[in-house]
Amino acid sequence: RDLLENLMSLYPNEQVAGSIKTLLAQSNVPQMQHSVSFWSDFINDWPAITARPLSILNTTYFGTGTGNLYTRSSWNTNAIFVHTIAGLYDQSHAHKDQGSFMLNVAGTWLFDDANLRSSSGIDGGEAYHNLVRIGSVSQREGSAPSQIVAMSDGSLFTYELMNTRPVYTDPYTNQFLVAKSEREMLFIKSGAVVLFDRAAANTAGTPRTFQLQMSGTPTISGNQLTFTAGGQRADVWRLSPANVPW
């Protein structure tokens, strides 16, 4: 809330300020939580700014510096929201989550970050994120950034191809620790996400684990996994390769 209020104050004459005013009015955080921060609501109150609809904003944003992609089906409260990350991993408190994705529907997390259920929020290992884990090989801080190979966005879909192999680089030898680590993500905004992963270790027989973080236990029947939370449901269909154990 404070970040949005400051943005509105910095750019009161921009259309986005009006959209921020609308968003804050509709937010489930109607004011700063603690009295020590009430000054933000007071200082950044701009009665002269005209509220504008959220629909004037694009539903997709890509941060070229961090590699964060945020895309949603609409600005309605029942929208589908997808997040991916593929960029720099150069901070000691950053997570080993390059290539991961998250899915939220109508404000309910279906596939999230397991740190939501941690005591600290700083469990940064690959096991906590929605990605393909390649054996015990770990992403390395300070390595070359992940690469966005392709990206496209429109009213019907958002597409992205991420190459995360560079973050699996030995900093001492500058050698790749995996043979391949790529993820294609196609978000069909009417209600589907397609993930296509290419993951290969340097050593034959190294296990590759497709991970989904959920707040509860799913049900599994054959090639279908179903998870329900907050009245929202996700059906996961395992298409290829066949007969991989859940």
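The values are calculated or read from the model by the stated rules, or taken from the named source; none is laboratory data. Given the structure is predicted, the values throughout are model-derived calculations rather than measurements. Heads up, the Cβs are rebuilt from the backbone with ideal geometry, glycines too, and the neighbour counts pull from every protein chain shown. With ligands, DNA and RNA removed, areas are computed over all heavy atoms of the protein, side chains included. Shrake-Rupley method; radii C 1.70, N 1.55, O 1.52, S 1.80 Å.
Summary of computed values
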quantity: Matching option when the condition is aliphatic (A, V, I, L, M) and either touching a Gly at 6+ places or on another chain (Cβ under 8 Å) or open to solvent by 30 Å² or more (accessible area, probe 1.4 Å) (or both), among Leu24, Leu3; calculated: Leu3
quantity: Failed criterion for Gly99 (all others in (1) outside any strand (DSSP E or B); (2) of a type outside the set (Ser, Thr, Tyr); (3) open to solvent by 30 Å² or more (accessible area, probe 1.4 Å) hold); calculated: (3)
quantity: Hey, Asp235 charged (D, E, K, R) and under 18 Å from Gln139 (Cα atoms) or not; calculated: no
quantity: Strands (runs of 3 or more DSSP E) contained in the range 35-88 and holding at least 1 residues open to solvent by 80 Å² or more (accessible area, probe 1.4 Å); calculated: 60-63, 68-72
quantity: Search result, residues across the range 138-158 that are in a loop (DSSP other than H, G, I, E, B) and of a type in the set (Ser, Thr, Tyr); calculated: Ser138, Ser143, Ser146, Ser155
quantity: Contacts under 6 angstrom Cβ, first residue in the range 149-166 being in contact (Cβ under 8 Å) with a residue 24 or more places away in the chain, partner open to solvent by 60 Å² or more (accessible area, probe 1.4 Å) and not aliphatic (A, V, I, L, M), 6 or more apart; calculated: Asn163/Gln147
quantity: Hits in the range 114-144 (condition: open to solvent by 30 Å² or more (accessible area, probe 1.4 Å), of a type in the set (D, E, K, R), closer than 16 Å to His93 by Cα and modelled with pLDDT of 90 or more); calculated: Arg140, Glu141
quantity: Failed criterion for Gly99 (all others in (1) touching a helix residue (DSSP H, G or I) at 6+ places or on another chain (Cβ under 7 Å); (2) at pLDDT 95 or above hold); calculated: (1)
quantity: Total residues in the range 225-236, condition touching a strand residue (DSSP E or B) at 6+ places or on another chain (Cβ under 6 Å) and part of a strand (DSSP E or B); calculated: 8
quantity: Criterion violated by Ser181 - all others in (1) in contact with a Gly (Cβ under 9 Å, 6 or more places away or on another chain); (2) over 18 Å from Tyr89 (Cβ atoms); (3) of a type in the set (Gly, Ala, Ser) satisfied; calculated: (2)
